[in-house]
Amino acid sequence: MLTNNINYKSLPRLFLSLSLLSILSLFFFFFFFVSNPTHQISQNTPHSNSINVYVADLPRSYNYDLLNLYWTSSSPDSRIPSDPDHTQIHHPPRHKYPPYPENPLIKQYSAEYWLLGDLETHENWRPNSFANRVFNEDDADVVFVPFFATLSAEMELAKEKSLFRKKTPDNEDYKRQREVVDFVKNSRAWKRLGGRDHVFVLTDPVAMWHVRADIAPAILLVVDFGGWFRLDLKSKSLSLTPNGNSSEMVLIQHTQVSLLKDVIVPYTHLLPRLELKHNQKRHNLLYFKGAKHRHRGGLVREKLWDLLVNEPRVIMEEGFPNATGREQSIKGMRSSEFCLHPAGDTPTSCRLFDAIQSLCIPVIVSDNIELPFEGMIDYYEFSVFVAVSDALIPSWLVAHLRSFSRVQRDKFRRKMAEVQPMFVYDNGHGDGIGPIPLDGAVNQIWRKIHQKLPVIKETIARDKRKPQGVSNPLRCHCT
């Protein structure tokens with residue numbers, strides 16, 4: 001008969017040993033993994049509440065010293081009746097962080113200034129910033145290129161418009177474009193991932209005009225794709241049509257911008273914000289202030305003008321909300337139920353964002369338009385979208401707008417008041433350095449870039465595993 005050789009007196013001691021071992025195991029688990037989460041998540045993994053940004057080490061001559069150069073100029077901008085920045089010859093002192101121009105032709109594109117200002121602000125002053133600045137490129141999700149490309153382009157246009165499109169030594173903007181691209185593309189950060197994680201701010205449709213093919217892989221911040229997707233009727237290059245005849249109509253490649261990687265950002269509004277509690281009765285049905293004659297897609301504007309100019313309670317005014325027309329624009333938008341937004345040289349303009357800040361319901365006449373922060377906000381909740389073909393039917397647009405009840409219009413305005421802060425860049429500091437609004441445009445842009453990262457990283461991974469010498473054709477993913 002078999003017997004069990006178990007010493008029952010040793011069981012309590014064995015149980016105690018196992019219990020102590022279990023307690024020690026739990027202690028080490030909680031200490032190393034729960035209280036110290038970096039053991040679970042790589043430092044380079046993007047968190048949902050921030051994006052790691054490395055600022056490329058460009059010389060100040062391409063950003064803040066370029067601003068100092070602008071302010072020391074004694075030549076007013078001949079494109080506008082009154083240049084608020086150069087009303088008299090003066091030589092102000094140089095500043096580490098100069099203010100951005102008040103010239104409306106430049107100010108409307110000021111995103112580059114406020115984005116860099118946020119990154120230049122001391123960490124202790126950035127409690128609201130979605131962007132976390134890092135000082136090692138290997139820790140970064142994206143690399144921000146601090147080139148004031150819009151300011152550079154506009155300074156050249158104001159000086160000598162005929163030189164702007166020429167690649168000559170006299171074109172200072174072209175020289176800066178070329179220098180920035182050469183500097184960035186020779187950096188370790190660019191070579192590491194082919195520039196796909198770099199961010200360029202190109203809010204002006206003509207910013208970095210001569211080097212767009214060079215920076216096409218990067219993340220581009222643009223106001224719309226109108227300056228990229230079009231037939232360049234002014235091109236002197238010749239191409240052959242299918243029947244062998246020559247043609248001067250050259251199609252710009254659609255491989256440089258894409259909603260998969262690029263971000264649509266708002267213009268800087270030029271008119272002050274009207275709070276909902278200060279809204280008053282509006283006597284006009286529809287308001288528009290701008291140039292009647294435009295090119296390309298803006299040709300519809302001239303037709304709309306002729307259809308609407310004599311309609312009752314419709315105000316159509318020529319001009320731009322500069323120093324002389326600003327008060328007129330404020331009065332017109334705040335006293336009108338709807339504000340017309342037809343395409344100009346490009347599909348969008350700062351007029352849309354002035355309308356939102358004025359609580360004037362936007363009427364967007366376009367068959368194809370890109371808008372900022374879609375997916376975060378729904379423009380259909382506070383705007384009226386109209387097909388071009390419908391808008392050009394005599395009396396149709398006015399009748400359509402009159403069909404909206406007061407209840408509907410008030411609902412639009414309440415929703416507009418909710419989203420107004422999302423389109424504000426200004427942080428209230430004249431030098432651009434300081435805490436930014438939590439729900440303002442700067443943070444919304446960084447959040448939108450953060451949303452693009454998974455697709456961008458997937459593209460990078462596909463590029464890495466391509467056999468050497470193999471190239472894939474560029475494709476447009478624009479919708």
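Express the Stokes-Einstein translational diffusion coefficient of segment 98-228 in µm² s⁻¹, to the nearest whole number, given a Kirkwood radius over alpha-carbon pairs, 4 °C and a viscosity of 1.567 mPa s.
The diffusion coefficient I find is 82 µm²/s.
Could you state the principal axis extents of the C-alpha atoms in segment 276-421, from the largest down, to the nearest angstrom?
37, 33, 33
May I ask which of Lys107/Lys159; Lys411/Lys452; Lys191/Lys448 have a Cα-Cα span longer than 26 Å here?
Where the Cα-Cα span goes over 26 Å, the pairs concerned are Lys411/Lys452.
Return the long-range amide H neighbours of Val55 (sequence gap of 5 or more, or a different chain), with a cut-off of under 5 Å between placed amide H atoms.
Val134, Phe144
Estimate the FRET efficiency between Leu163 and Asn368 by the formula 1/(1 + (r/R0)^6), using the beta-carbon distance for r and 45 Å for R0, to the nearest 0.05.
With R0 = 45 Å, the Cβ-Cβ based efficiency is 0.90.
Sorted by accessible area with a 1.4 angstrom probe, largest first, how do Ile449, Ile369 fall?
Ile369, Ile449
Just by accessible area at a 1.4 angstrom probe, what is the order of Glu311, Glu156 from largest to smallest?
Glu311, Glu156
Need the list of aspartates and glutamates near Lys289 for cross-linking: C-alpha distance under 16 angstrom, and skip anything on the same chain fewer than eight residues off.
Glu302, Asp306, Glu311, Glu317, Glu318, Glu327, Glu337, Asp345, Asp354
How large is ³J(HN,Hα) for each residue in segment 425-439, as worked out from phi by the Karplus curve 6.51 cos²θ - 1.76 cosθ + 1.60 (θ = phi - 60°), to whole Hz, x for Gly and Pro?
Values, residue by residue: 8, 4, 9, x, 10, x, 9, x, 9, x, x, 9, x, 4, 9 Hz.
Once phi is turned into ³J(HN,Hα) by the Karplus curve 6.51 cos²θ - 1.76 cosθ + 1.60 with θ = phi - 60°, what whole-Hz value does each residue of segment 211-226 show in order, with x for glycine and proline?
In residue order, the calculated couplings are 10, 4, 5, 5, 9, 4, x, 6, 7, 10, 9, 10, 7, 5, 9, x Hz.
The values are calculated or read from the model by the stated rules, or taken from the named source; none is laboratory data. Everything quoted here is computed from the prediction, not taken from an experiment. Note that each Cβ is placed from the backbone with ideal geometry, even for glycine, and that neighbours are counted across all protein chains shown. Protein only, heavy atoms only, side chains kept; ligands, DNA and RNA dropped before computing areas. Shrake-Rupley method; radii C 1.70, N 1.55, O 1.52, S 1.80 Å.
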